[in-house]
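Right, one structure below, let's go through it.
The values are calculated or read from the model by the stated rules, or taken from the named source; none is laboratory data. Everything quoted here is computed from the prediction, not taken from an experiment. Every residue, glycine among them, receives a Cβ derived from its backbone with ideal geometry; neighbour counts consider all protein chains shown. Calculation scope for accessible area: heavy atoms of the full protein, side chains included, ligands and nucleic acids excluded. Shrake-Rupley method; radii C 1.70, N 1.55, O 1.52, S 1.80 Å.
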Amino acid sequence: MKQAMNIYLDHFGLHERPFSLVPDPDFLFWSPVHKRAYAMLEYGIVTHAPITLITGDVGAGKTTLLHHLLKSLDDDVQVGLVTNAHGTRDEMLRWVLQALDQPFAQDADYVALFGQFEQYLIACYAAGKRVCLIFDEAQNLSPASLEELRMLTNINANKDELLQLVLVGQPELRDIVRKPELTQFAQRVASNFHLPALDAEMVLDYVEHRLAIAGATEAIFTAGACNIICTVTKGVPRLINQLCDLSLLYAYTDDQLTVSEAIVDQVLKDGVFFAGGADKDALEEDVFRSSSVIK
């Protein structure tokens with residue numbers, strides 16, 4: 001298609017793509033559950049909680065909340081964002097120092113790396129700053145790695161803790177933290193929240209919110225279409241974005257200015273929406289069983 005994306009936007013009077021899969025804080029939808037999740041993030045930072053835990057399904061909006069948090073933190077907070085930590089405790093410290101923009105010798109052993117990290121925390125504290133390490137996709141951390149992180153939070157100056165941890169991950173992270181060998185870790189979790197999926201009413205509000213930010217001046221998706229989208233995606237924002245984007249494209253190719261139930265149904269029948277790997281027959285069964293249309 002010739003300049004497909006520009007034609008797509010012009011057709012609906014939009015100035016940018018409303019349902020991109022890339023996390024964008026400018027499109028952040030403050031549903032009641034997202035507000036509570038963010039409040040717990042802020043609470044953990046403000047109260048110097050040793051460990052803050054935020055979980056949610058894939059695509060629930062956790063990373064978008066993190067990006068918003070990073071934009072709003074004061075200058076007195078030194079943040080290290082770790083997105084791919086794995087390996088031995090030596091490698092863990094290398095990931096941490098790298099996230100904090102601290103150079104280190106490639107042949108340094110654990111003792112040297114730990115000493116360097118400890119001196120960094122003390123230097124930040126002396127300068128009136130505190131350090132916060134944020135681990136995204138933290139469900140990939142092993143119990144041994146989580147225990148090592150807990151040990152890092154033991155570094156303190158008098159009564160002041162020098163390090164805060166924020167762990168963000170999928171629901172299984174909560175199961176990992178509940179393991180008997182991580183009892184001491186769990187006891188240090190002072191702030192936590194599980195981000196659930198959106199319900200049918202929230203999905204309608206979410207779709208309208210993103211369209212409005214992208215420039216829409218009137219409703220594009222019907223309530224019935226949003227009801228099907230909620231049923232098929234089970235209220236997961238990332239999947240909502242994918243299905244809405246495809247539905248807009250189908251409406252454009254049909255020269256329609258409204259996304260109806262029939263258009264969403266056609267997207268599903270054509271099998272172009274993979275839904276994170278869900279089976280096509282299962283998707284159709286979900287739609288068939290859906291009976292609560294938003295009015």
* Asked: Going through the range 244-266 one residue at a time, which ones are in a helix (DSSP H, G or I) and hydrophobic (A, V, I, L, M, F, W, C)?
  -> Cys244, Leu246, Leu248, Leu249, Ala251, Ala262, Ile263, Val264
* To do: Having 3 or more residues that are open to solvent by 20 Å² or more (accessible area, probe 1.4 Å) and at pLDDT 90 or above is the bar; report the helices (runs of 4 or more DSSP H) wholly within the range 7-99 that clear it.
  => 32-46, 89-99
* Filter result for Ile176 (closer than 30 Å to Thr233 by Cα, open to solvent by 10 Å² or more (accessible area, probe 1.4 Å), without any contact (Cβ under 8 Å) to a residue 60 or more places away in the chain and in a helix (DSSP H, G or I)) -> yes
* Note down all Cβ pairs under 9 Å where the first residue falls in the range 119-145 and is small (Gly, Ala, Ser), the second is part of a helix (DSSP H, G or I), and they're at least six residues apart or on different chains. => Ala138/Leu146; Ala138/Leu173; Ala138/Ile176; Ser142/Ile176; Ala144/Arg89; Ala144/Glu181; Ser145/Arg89; Ser145/Met92
* Asked: Can you name the condition, by its number, that Cys132 falls short on among (1) closer than 19 Å to Tyr38 by Cβ; (2) open to solvent by 60 Å² or more (accessible area, probe 1.4 Å); (3) not in a loop (DSSP other than H, G, I, E, B)?
  -> (2)
* **Hits in the range 106-119 (condition: closer than 10 Å to Ile155 by Cβ and aromatic (Phe, Trp, Tyr))** => Phe114, Phe117
* Asked: Quick one: would you say Tyr125 is among the hydroxyl-bearing types (Ser, Thr, Tyr) and open to solvent by less than 40 Å² (accessible area, probe 1.4 Å)?
  -> no
* Structure fact -> Lys35 meets each of (1) over 15 Å from the mean Cα position of the chain (by Cα); (2) closer than 27 Å to Ile220 by Cα with one exception, condition (1)
* To do: Assess whether Ala138 counts as being crowded, with 19+ Cβ neighbours inside 10 Å, modelled with pLDDT under 90 and among the aliphatic types (A, V, I, L, M).
  => no
* Have a look at Ala112, Ala105 and point out the one that is surrounded by fewer than 18 Cβ atoms within 10 Å (Cβ to Cβ) and assigned to a helix (DSSP H, G or I). => Ala112
* Structure fact -> If we ask which residues in the range 141-169 are among the polar types (S, T, N, Q) and surrounded by fewer than 17 Cβ atoms within 10 Å (Cβ to Cβ), their number turns out to be 4
